[in-house]
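Since the structure comes first, as structure tokens, the remarks are kept for the end.
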Amino acid sequence: MSYLPKSVRVVEVGPRDGLQNEAQQVPTEVKIELVDRLGAAGLPAVEVTSFVSPKWVPQLADAEAVLAGVDFRPGTDYPVLVPNLQGLERALATGVREVAVFTAASESFNQRNINAGIEESLTRIAAIMHAARDVDIKVRGYVSCVLGCPYEGDIDPARVAAVSRRLLDLGCYEISLGDTIGAGTPLAARRMLETTAAAVPLEQLAVHFHDTRGQALANIFACLETGVATIDASVAGLGGCPYASGATGNVATEDLVHMLHGMGIETGIDQRGLLEASLFISEALGRPPTSRLGMIAALHQKGRDDDKSEAG
Ligand code: HMG
Ligand code: MG
């Protein structure tokens, strides 16, 4: 019998990782309602937005306004992504208590994503950590391209382990391992996690799978068997990265929670509220959810609407 955790902490990244990649401008009120619905559904963490350069990611230029509108619930953490000290200062001015920093296991991806190599990004992160420590702010770290890079191809798990260790040493309380372009398959995912867990305690690692090739749930299962108990996901399967062309959304939160609850793994999340949040954002974006559960719910809804119009 393989080892599976009894409970999993799901980190919802849809409002940030998802909405950063939308071609259309999503109204600020819609973003706020999405975050509030996710909090109300019992998500333990909702990454709200990012304080990156609005020239690079105009989709999230309203970060201050979104934070000003959110109904912060006790029991839910609301981290935001920051790339540099300027981003941290903007974030702190809104009163956030947690930020997330990001780098990559690929030099070329980092250059495209943040206009800096890995070493320079770690120098920027060290400055953020220093300032965050002064004001007692928690910092989560991301490593991108852990299973493949759009510019460099395969990534050696040893590079992932080395960069993750650096983030841990700088003071990140947790490192999220990002399969940014959904390149991974289960055995490679497990190997990467095991290699990284030799450098960073497994309890301080999270996994973050994009579902570009439909492998995300299988990859997650392989990592659960290794004992990981923190998983990032995106409601309605929203997302991608503007600097990783062709990358699609993260594993859909509702599909992930369905799988976890089906295996008796607790999350504390209300599946109905989560599904409603998925249908809400999909309707606001004018398209069906890409999650399997969202698709089923949308089909049922359409059937009920058709029945009503026939009866009427
Ligand atoms: P740069 O152009 O090299 O920076 O960008 P700069 O310092 O030269 O600044 C250029 C301009 O941006 C200046 O304005 C700055 O003030 C401004 P100007 O003088 O020209 O008017 N600026 C800012 N404005 C507001 N907030 C800021 C900020 N910083 C600079 N924080 C920079 C460097 C890092 C800023 C840029 O490359 C950037 O913002 N990149 C972010 C890209 C991004 O958000 N990518 C997606 C997130 S990562 C991801 O999705 C992966 C993840 O999900 C995990 C996974 O899936 O693997 C986390
Ligand atoms: Mg991502």
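Among the residues of the range 152-179, those that are hydroxyl-bearing (S, T, Y) and within 14 Å of ligand 1 (Cβ to nearest atom) comprise S164, S176. In the condition set (1) within 16 Å of ligand 1 (Cβ to nearest atom); (2) buried (at least 23 other Cβ atoms within 10 Å of the Cβ), E254 is compliant with all but (1).
Would you call Q215 more than 23 Å from V80 (Cα to Cα) and at pLDDT 95 or above? It is true that Q215 is more than 23 Å from V80 (Cα to Cα) and at pLDDT 95 or above.
For the range 21-53, a residue qualifies if it is crowded, with 17+ Cβ neighbours inside 10 Å, within 11 Å of ligand 1 (Cβ to nearest atom) and at pLDDT 95 or above, and the qualifying residues are E47, T49, S50, F51, V52. Considering the conditions (1) surrounded by fewer than 19 Cβ atoms within 10 Å (Cβ to Cβ); (2) closer than 22 Å to S245 by Cα; (3) touching a residue at least 24 places away in the same chain (Cβ under 8 Å), G117 is excluded by exactly one of them, (3).
Restricting G141, G87, G95 to those that are touching a Cys at 6+ places or on another chain (Cβ under 6 Å) and either modelled with pLDDT of 95 or more or in a loop (DSSP other than H, G, I, E, B) (or both) reduces the list to G141.
Is it the case that some residue within the range 43-55 is part of a helix (DSSP H, G or I), more than 21 Å from G268 (Cβ to Cβ), touching a residue at least 12 places away in the same chain (Cβ under 8 Å) and polar (S, T, N, Q)? Scanning the range 43-55 turns up no residue that is part of a helix (DSSP H, G or I), more than 21 Å from G268 (Cβ to Cβ), touching a residue at least 12 places away in the same chain (Cβ under 8 Å) and polar (S, T, N, Q). Return yes or no: is M295 surrounded by fewer than 22 Cβ atoms within 10 Å (Cβ to Cβ), assigned to a helix (DSSP H, G or I), in contact (Cβ under 8 Å) with a residue 24 or more places away in the chain and not charged (D, E, K, R)? So M295 fails the test.
Scanning the range 242-270 for residues that are under 12 Å from F209 (Cα atoms) and out of contact with any Gly (no Cβ under 6 Å at 6 or more places or on another chain) returns V251, T253, L256. Contact map, the range 218-243: first residue touching a residue at least 12 places away in the same chain (Cβ under 8 Å) and in a helix (DSSP H, G or I), second residue of a type in the set (S, T, N, Q) and within 10 Å of ligand 2 (Cβ to nearest atom), Cβ cut-off under 8 Å, separation 6 or more or different chains; pairs are G237/N250. For the range 220-242, the count of residues that are at pLDDT 95 or above, of a type in the set (S, T, N, Q), within 16 Å of ligand 2 (Cβ to nearest atom) and crowded, with 24+ Cβ neighbours inside 10 Å is nonzero. Annotation note: of L193, L187, the sole residue that is away from ligand 1 (no atom under 14 Å from the Cβ), closer than 23 Å to L217 by Cα and surrounded by 23 or more Cβ atoms within 10 Å (Cβ to Cβ) is L193. All of (1) at pLDDT 95 or above; (2) crowded, with 20+ Cβ neighbours inside 10 Å hold for A247 with one exception: (1). Here L293, L260, L274 are screened, and the one residue that is more than 16 Å from ligand 1 (Cβ to nearest atom) and modelled with pLDDT under 95 is L293. Inside the range 1-42, residues that are within 16 Å of ligand 2 (Cβ to nearest atom) and assigned to a strand (DSSP E or B) make up a count of 3.
Just checking, which of R37, R16 is within 17 Å of the chain's Cα centre (by Cα) and within 20 Å of L275 (Cβ to Cβ)? The unique qualifying residue is R37.
The values are calculated or read from the model by the stated rules, or taken from the named source; none is laboratory data. Model, not experiment: these values are computed from the prediction. Cβ: placed from backbone, ideal geometry, glycine included. Neighbour counts: every protein chain shown.
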